[in-house]
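The values are calculated or read from the model by the stated rules, or taken from the named source; none is laboratory data. Computed from a prediction, not measured in an experiment: that's the story for all the values here. All Cβ positions, even for glycine, are placed from backbone atoms using ideal geometry, and neighbour counts span all protein chains on display.
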Amino acid sequence: MALPLGKIPVDLLKEVIFKNLGVHRDEVALGPAAGIDGAVINVGSKSLVVSMDPITGALERIGWLAVNVNANDVSTFGVEPAFFLSCILLPEKADRKTVEIISSQMDKAAKGLGMAIVGGHCESTPGLVNPIVVGCAMGMAEKGNYVTAAGAKAGDKIMITKTAGIEGTAILASDREEKLRKTVRSSTLKSAKGFFSMISVAKEAAIAFKTGGVHAMHDPTEGGIAGGIHEVADASNLGFRILEDRIPVAEETSEICKAFEIDPLYLIASGSMLIAARKDVADDIEKNLIKSGISASVVGEFLPSSENRIVKRKNGFETELARPTCDHLWVALAKK
């Protein structure tokens, strides 16, 4: 049976990937686990946070996205991203200009985040149709001074910064602009393409972590907001109850999703951040984020039983929040 597009199912991760991890090393403080954004390696008095992600569904700004998406994963630990490596895989007929575009995009993104690009690999790959950039970001913290997506606790408020489906909105507006012009206004598409500027969560991660009371943070990428909430619940062995009408969806995202008949909650959501925070500090975190120009919303809470994964719909009915089998970006891109 063929695998779905995008991330492989969690069961396959546990049954195959996590059973083939080489030797045990004492320096590894946090290794691979479902819902976890990266690894933590203890080096002397420091903790090195490392994360890796590919950019496969975007054509425009692929280098810029590779840096920011990987930096986001490090940021969710409450750690400043510092170093970046890349593996750039190019189609067979790619030329010098393609290399220059991707490299300059990575340079601009890295400078904006204060990161150094310290190595990588670049090749022309047989059989490849579109470029792929696999990135690896790293950051350092004092030993143990970080949070993970596995740290959420029952009773924690679930917070979301910005809006749902930010990255997917920007990608579809850019890569499927011609198709969307038939049903979506030009002004909406222009605004949607500007969503790329919101991809980084480094600032809000730092603000939330500094405020205190944060037990977990997570960057909801493939699978969107819905997938991200499930991933934190998986990592923390919890359930949740969320309110659909509290989850902010930008008008641009809503219109583009309507055009492709997809759900914004299941659209790749880099640019938004999920935060699990103590009830008594959630308001302070929200105020500090808003004060810095970053919108934030409390959309639900984590529950003790991992069996309870509930969404209260806008019509008032409660149902189980379906786990995404495929990011809706892939659904949209597959439509002719």
Can you tell me which residue among Val49, Val40, Val67 is under 21 Å from Gly223 (Cα atoms), of a type in the set (A, V, I, L, M) and at pLDDT 95 or above?
-> Val67
Can you find a residue in segment 199-209 that is modelled with pLDDT of 95 or more, polar (S, T, N, Q) and within 18 Å of Ser75 (Cα to Cα)?
-> yes
Considering only residues of segment 154-174 that are farther than 24 Å from Ile290 by Cβ and not hydrophobic (A, V, I, L, M, F, W, C), which is surrounded by the most Cβ atoms within 10 Å (Cβ to Cβ)?
-> Gly168
Condition check for Leu289: touching a Gly at 6+ places or on another chain (Cβ under 6 Å), surrounded by 14 or more Cβ atoms within 10 Å (Cβ to Cβ) and assigned to a helix (DSSP H, G or I) = no
Subset of segment 26-37 [in contact with a Gly (Cβ under 9 Å, 6 or more places away or on another chain) and either at pLDDT 95 or above or among the acidic types (Asp, Glu) (or both)] = Ala29, Leu30
Wholly within segment 35-95, strands (runs of 3 or more DSSP E) carrying at least 2 residues that are out of contact with any Phe, Trp or Tyr (no Cβ under 7 Å at 6 or more places or on another chain) and under 21 Å from Asp175 (Cβ atoms) = 46-55, 81-90
Filter segment 109-135 for residues that are among the aliphatic types (A, V, I, L, M) and farther than 26 Å from Glu80 by Cα; the one that is modelled with the highest pLDDT is Leu128
In this structure, is Gly227 more than 22 Å from the chain's Cα centre (by Cα) and either buried (at least 23 other Cβ atoms within 10 Å of the Cβ) or at pLDDT below 95 (or both)?
-> no
Selection status of Ile275, within 15 Å of Val214 (Cβ to Cβ), part of a loop (DSSP other than H, G, I, E, B) and in contact with a strand residue (DSSP E or B) (Cβ under 6 Å, 6 or more places away or on another chain) = no
What are the residues in segment 3-44 that are under 21 Å from Tyr266 (Cα atoms) and not charged (D, E, K, R), if any?
-> Leu3, Pro4, Leu5, Gly6, Ile8, Pro9, Val10, Leu12, Leu13, Ala34, Gly35, Ile36
